[in-house]
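*Asks:* Let me begin by handing over the structure; questions about it come next.
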Amino acid sequence: MVVNQWVPAAHRADAVGDSARCLRDSLHRMGHAAEIYALTIDDDLQRDVRPFSDPAAQNGDLTIFHYALPSPMTDAFRALPGRRVLYYHNVTPAHFFAPYDPGLFRLATVARRELVTLAGGVDLALGVSEFNRQELELLGFDPTGVLSLPVDLSRITRPVRRPALEKILDDEFVNFLFVGRMAPNKKIEDHIRLAEHYKRYVDAYYRFIFVGRCDSVPRYYSTIRAMMTEYRLLNERFIFTGPVPDEDLAVYYRHAAVYISLSEHEGFCAPLLEAMAADVPILAYGAAAVPETLGGAGIQFAPKDLEYAAELAGALAFDDDLRASVIAGQRRRLSDFGDARLTRELTAVLAHSGGSFPSS
């Protein structure tokens, strides 16, 4: 079988593009012909991803369309003669962007409107999580299913050395890590508030590290920096790295005492799996797909009481028995996302012929 994947933009270290490459490799191992086609391709992926203008993009026996943003691919996908599978990565609700960027507010609004136009026009609609699947069902898609987000964890677990970076991170400060874009739904401002509580009530020797793009929503990032000034927090205790190579990312995970997620909207949250793979205890606000991805692992809390969260962060950082227990639970949960599960779910997708999709 020829299985094509369509991705509007192929970027390195992006959950959508990375998952497409993982799926392609799995399809190859299963004996299928599989390629990825994109409208925009990073320079270092030119040999790995084909341009959407290639006529072969239209000739798959089955085409999987990774949806997260509006693009010309949507109309083209609707018109395809072959079997069509929508793979929904989620669209951040527009209201998160309203105070910071009218353009992104409009983009998110259009993305959801455009998604609805595919309802009734695909053979199968998949979410990367049950949270996403339920949204698709509410929008009128049928049949629906879940194809768990494939995540390449080798970039986190492979042994690498970065002596200069390791020297910076391996000191008397406790490192709290977040990985992802500096975007309003991620609630980076709550990390700043958490730091204030932690400094005041738990421990003064701390460092918050944010790995990911800072320029996605410039006004939002400026708000974060202003909040740090308002709280009179020391700039050297907050590292905003921007994008980093995989080797550096692995070092940041390896030197983190706790991974913290305070996000209020996630369709899956791949960094949670990365933290599990790196044996970093997770402290997470239980919202959207986060509880589903964790599956009872890590430490979750709700409602969002940041003073309480600061106490939990301190316990995870300093209580060795608690750390060991949490890490053991995370290892058990991570085993649920192995190759066997991906192969099983992919097999169900490929076998689907209009009936109900088997639950994973």
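The values are calculated or read from the model by the stated rules, or taken from the named source; none is laboratory data. Everything quoted here is computed from the prediction, not taken from an experiment. Ideal geometry is used to build each Cβ from the backbone, glycine not excepted, and the neighbour counts take in all protein chains shown.
*Asks:* Which members of region 129-158 meet the condition of being touching a Phe, Trp or Tyr at 6+ places or on another chain (Cβ under 7 Å) and under 15 Å from Ala348 (Cβ atoms)?
*Replies:* The answer is Pro143, Thr144, Gly145, Leu147, Ser148.
*Asks:* Return the pairs, sorted by first residue and then second, in which the second residue is of a type in the set (A, V, I, L, M) and not in a helix (DSSP H, G or I), the first residue lies in region 158-179 and is within 19 Å of Leu273 (Cβ to Cβ), the beta carbons are less than 6 Å apart, and the residues are 6+ apart or on different chains.
*Replies:* Hits for this filter: Phe176/Val258; Phe176/Ile260; Leu177/Ile209; Leu177/Ala256; Phe178/Ile260; Val179/Val211.
*Asks:* For the list (1) of a type in the set (A, V, I, L, M, F, W, C); (2) over 29 Å from Asp142 (Cβ atoms); (3) in contact (Cβ under 8 Å) with a residue 24 or more places away in the chain, I need the number of the one condition that Leu62 fails.
*Replies:* All conditions are met except number (2).
*Asks:* For region 273-305, enumerate the residues that are in a helix (DSSP H, G or I) and touching a helix residue (DSSP H, G or I) at 6+ places or on another chain (Cβ under 8 Å).
*Replies:* Leu273, Glu274, Ala275, Met276, Ala277, Val290, Glu292, Thr293, Leu294
*Asks:* I've got another one for you. If Ile239 passes every condition in (1) part of a loop (DSSP other than H, G, I, E, B); (2) under 24 Å from Glu166 (Cα atoms); (3) in contact with a Lys or Arg (Cβ under 8 Å, 6 or more places away or on another chain) but one, which one does it miss?
*Replies:* (1)
*Asks:* If a residue has to be charged (D, E, K, R), at pLDDT 95 or above and exposed (fewer than 14 other Cβ atoms within 10 Å of the Cβ) to count, how many in region 30-68 make the cut?
*Replies:* Here the count works out to 1.
*Asks:* Restricted to region 102-124, and to residues that are of a type in the set (Gly, Ala, Ser) and crowded, with 17+ Cβ neighbours inside 10 Å, which residue is farthest from Gly145 (Cα to Cα)?
*Replies:* Among residues in region 102-124 that are of a type in the set (Gly, Ala, Ser) and crowded, with 17+ Cβ neighbours inside 10 Å, the one farthest from Gly145 (Cα to Cα) is Ala108.
*Asks:* Can you tell me which residue in region 160-209 is surrounded by the most Cβ atoms within 10 Å (Cβ to Cβ), limited to those that are touching a strand residue (DSSP E or B) at 6+ places or on another chain (Cβ under 9 Å) and either among the charged types (D, E, K, R) or in the same structural domain as Gly103 (by TED's automatic domain parsing) (or both)?
*Replies:* Going through the qualifying residues, I end up with Lys186.
*Asks:* Considering only residues of region 150-201 that are touching a Cys at 6+ places or on another chain (Cβ under 8 Å) and of a type in the set (A, V, I, L, M), which is farthest from Phe96 (Cα to Cα)?
*Replies:* The selected residue is Val151.
*Asks:* Any idea which of Val116, Val85, Val128 is aliphatic (A, V, I, L, M), out of contact with any helix residue (DSSP H, G or I) (no Cβ under 9 Å at 6 or more places or on another chain), more than 20 Å from Lys187 (Cα to Cα) and at pLDDT 95 or above?
*Replies:* Unique residue meeting the criteria: Val116.
*Asks:* Taking Thr92 as the residue in question, decide whether it is of a type in the set (Ser, Thr, Tyr) and within 20 Å of the chain's Cα centre (by Cα). I'd like the intermediate steps shown before the answer.
*Replies:* On the way: of a type in the set (Ser, Thr, Tyr): yes; within 20 Å of the chain's Cα centre (by Cα): yes.
For Thr92, the condition - of a type in the set (Ser, Thr, Tyr) and within 20 Å of the chain's Cα centre (by Cα) - is met.
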